[in-house]
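Report on one structure; see the data block that follows.
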Amino acid sequence: TTETTLKREFLEELHADIQVRELLAVGEIFFPWGSRPCHQISLYYLVELQDPSAIPLDGSFWGFDDLDNQRIDLEYCWIPLTQLPNLTVYPQELIPHILSGSNDVLHFVSKQI
C-alpha cells in the first residue's frame, strides 16, 4: 500500500519511524525533468514522527536524487506552516488546502510544462 511504502521510505531515507494519518490530496503534476517531460501522480498524506528527535527540527538534513546519471544533493528542513505563503513551494496548488485545515481530499492538476 502507499501507506506501507511511505513508512518504509521514511525509515530507509531518513531513519525515522512515522505514523501515517489521513490522505490529504491527490495531484497530477506535469513537469520537465532534465530534457524529459514527466507526468507524476502524487498522494499526499498527513504523517507524524513517532520520535520527534529522529529528524532535526532546526537546521538542515540531506538526501540525494539522480538526474541524467548525475547525483543531485538535496537539502531538507522543516518550516512552520505559517511561512508557506511566503515561500516558493511546489506544488503550489496544495498550499491553500494545507492551510485551510480542510478534511476533504483535494484532487488537483499542476502544469509546470
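Quick check: net charge around His97, other residues with Cβ under 14 Å of its Cβ, Lys/Arg +1 and Asp/Glu -1?
Computed value for this residue: -3.
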Rel. contact order, % - alpha carbon contacts under 8 angstrom, at least six apart, the chain: 29
For the stretch 1-56 and the stretch 74-91, distance of Cα centres in Å: 15
Within the accessible area of the stretch 21-113 (1.4 Å probe), percent carbon and sulfur: 54
Simple Cβ-charge dipole of the chain, Lys/Arg +1 and Asp/Glu -1, about Cα centre, in debye nearest 20: 320
Antiparallel DSSP beta bridges within the chain, percent to nearest 5: 75
Accessible area in the full protein assembly, largest first, 1.4 Å probe, for Trp78, Trp33, Trp62: Trp62, Trp78, Trp33
Label assignment, P(r) over Cα pairs in 5 Å bins from 0, in percent derived from the structure, set (i) 2, 10, 16, 17, 17, 13, 9, 8, 4, 2, 1; (ii) 2, 10, 15, 15, 12, 10, 10, 8, 6, 4, 3, 2, 2, 1, 0, 0; (iii) 2, 9, 15, 19, 25, 20, 8, 1, 0: (iii)
Structure-based [θ]222 nm, the chain - -39500 (n - 2.57) summed over DSSP H runs of at least 4, per residue, nearest 500: -5000 deg cm²/dmol
Spin-label zone in the stretch 14-34 - amide nitrogen under 17 Å from a point set 7 Å from the Cα of Asn103 along the C-beta vector: 21-25
Net charge contributed by nearby residues that have their C-beta within less than 11 Å of Phe61 (K/R +1, D/E -1): -3
For the chain, with +1 on Lys and Arg beta carbons and -1 on Asp and Glu, the positive-most of Leu74, Leu43, Ile29 along the dipole: Ile29
Solvent exposure of the chain as accessible area per residue, Å², 1.4 Å probe: 73
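The values are calculated or read from the model by the stated rules, or taken from the named source; none is laboratory data. Because the structure is a prediction, the values reported are computed rather than measured. Note that each Cβ is placed from the backbone with ideal geometry, even for glycine, and that neighbours are counted across all protein chains shown. What goes into the accessible areas is simple: the full protein's heavy atoms, side chains included, and nothing from ligands, DNA or RNA. Shrake-Rupley method; radii C 1.70, N 1.55, O 1.52, S 1.80 Å.
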